[in-house]
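As structure tokens, the structure follows; a few thoughts come after it.
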Amino acid sequence: MSDKSEIVIVSNRLPVHRVERDGGAGWETSPGGLVSAMTPILQDRPSTWIGWAGAADCSLEPFEHDGIRNCPVPLSTEEIANFYEGFSNSTLWPLYHDAIRTPSYHRHWWRPYREVNERFATIAAEVAAPNGIVWIHDYHFQLVPSILRTLRPDLKIGFFLHIPFPPEELFAQLPWRREMLEGLLGADVVGFQTKIGAQNFARLCRRYTEVTGTRDLDFKGRHVTIRAFPISIDFDRYESLARDPAVQQRAEAFKRQLGVNRRIVLGVDRMDYTKGIDIRIKAYGELLRSKRTTLQDSVFVQVAVPSRERVDEYQSLRDEVERLVGAINGTFGELGMAPIHYLHRSLPAEELVGLYLAADVMVVTPFRDGMNLVAKEYVASRIDEDGVLLLSEFTGSAHELKAALQVNPHDVDGLTNRMYAALTMSPTEQSRRMRRLRRIIRENTVYDWANTFFEALTA
Ligand code: G6P
């Protein structure tokens, strides 16, 4: 490529996905906070987004979409198995989420991880303008900062980890722990969702690498800023969708469909074992069993977006969730009336916000989550300042959303009690909490997050 970019974003997925239309294949902007947060920054100046187009062995030329230049990087079928499903999602993902599923450590995954990181770093080095900025996202690319630093010492390099960074006792299991830490130390700014993540990283670097310093670190004569940058959502977008008459009509239709006198409990997640979908369904079953709620009083809606379906642990979670839903519906349902409605698919934003508007209680129960944006989306959509957010203590969001009803998802009795408390919370208490939650999210949107990170990087 001839013309160079002042800003380069590196993430596993491109901000667009392929769609088949009548006239052939095209690209559509993907939904999601990261894409909307970056768009204003990238559209202002020459910029490139480097990422995988989502299919195997597909080699595509760079192209422009919505004012952003996209540079698709091919991954072979083997690389998808070893780099993406293997090292990224069966080693790092479980390890970084409290090892709630046993991480697998395979040398035949590590090598492709390193090679794919080298490929992305090489492309970033080719497209970045002199003294340009490269912002690398997430656990798939923890070696890219140091490789890129060697290739292009002139660049400003930022890295942001979207998922939790684990404590020493867990991270120390990783056979390639030093390489991983030194990989990240190639950046000028290493950002985490929470202070705890930043502290874990700094502590591990002091233990396993040659850094000096306490909070920020010095490594090979360079200063590395280590800090928490809690990510957020586009508050106004959710608020205005919630004000849209068409979306409000959808919400009313959902309520009618589910039963006007039934309180609606909602869960929306990627189908992932970190999210605690199984535990919340069990807790709802206990509420029914103990008759603290009945089929007539309430209904549970679970939307589970298909995810990483070729990985065994994801398949067994889906089986377990579907078994639980079937068992509870079989026990407590009647003909024409089910206690749990379960959708295994993604929904367009208008439908999702319609559901947020219809839901009296939003249940967010991950065993561990870097942030959890669904919790924030629910709050932003609650324009009438009512509704209850039941939120796991082990999400990044719980650090900010103190006014939520917080819960330890490992404690089924506690979760059941909290669900009951949520279903019976007074309107005054609901709005006291919801007002505080809304203020917090309104004051730190995804745009503030992106700007704060950029300021730290260009300081
Ligand atoms: C998490 C990760 C993202 C990832 C997303 C969807 O939010 O932090 O990097 O893109 O899950 O997962 P997928 O494997 O489908 O990209």
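For the chain, the extents of the C-alpha atoms along the principal axes are 64, 52, 42 Å, listed from largest to smallest.
Helices in the chain that qualify as membrane-span-like (whole DSSP H runs, Cα extent of at least 15 Å along the helix axis, mean Kyte-Doolittle hydropathy of -0.5 or higher) are 33-43, 277-289, 412-423, 446-458.
Computed over segment 289-447, the P(r) curve from all C-alpha pair distances, binned at 10 Å from the origin, holds 9, 35, 40, 14, 1 percent per bin. Note on the chain: antiparallel DSSP beta bridges, both residues inside, total approximately 20 percent of the bridges counted. Close amide-amide hydrogen proximity is noted between G186 and S146, each under 5 Å apart and 5 or more residues distant or on a separate chain (H modeled in the peptide plane; Pro and chain starts excluded).
Over segment 367-408, the fraction of Cα-Cα pairs per 10 Å bin, rounded to whole percents and listed from the shortest bin up, is 31, 57, 11. Modelled spin-label separation between R435 and E28, with each label point placed 7 Å from Cα along the Cα-to-Cβ direction: 4.0 nm. With a 1.4 Å probe rolled over the protein heavy atoms of all chains, the accessible area of F63, F83 falls in the order F63, F83, largest first. Note on the chain: helix-only mean residue ellipticity at 222 nm, from DSSP H runs of 4+ residues weighted -39500 (n - 2.57) and normalised by residue number, equals -13000 deg cm²/dmol. Listed by chain and number, the lysines whose alpha-carbon sits under 26 Å from that of K402, ignoring those within fewer than 8 places in the same chain, are K195, K275, K282, K376.
The values are calculated or read from the model by the stated rules, or taken from the named source; none is laboratory data. Please read these numbers as outputs of a predicted model, since none were measured by experiment. Glycine also receives a Cβ, built like all others from the backbone with ideal geometry; neighbour counts cover every protein chain displayed. With ligands, DNA and RNA removed, areas are computed over all heavy atoms of the protein, side chains included. Shrake-Rupley method; radii C 1.70, N 1.55, O 1.52, S 1.80 Å.
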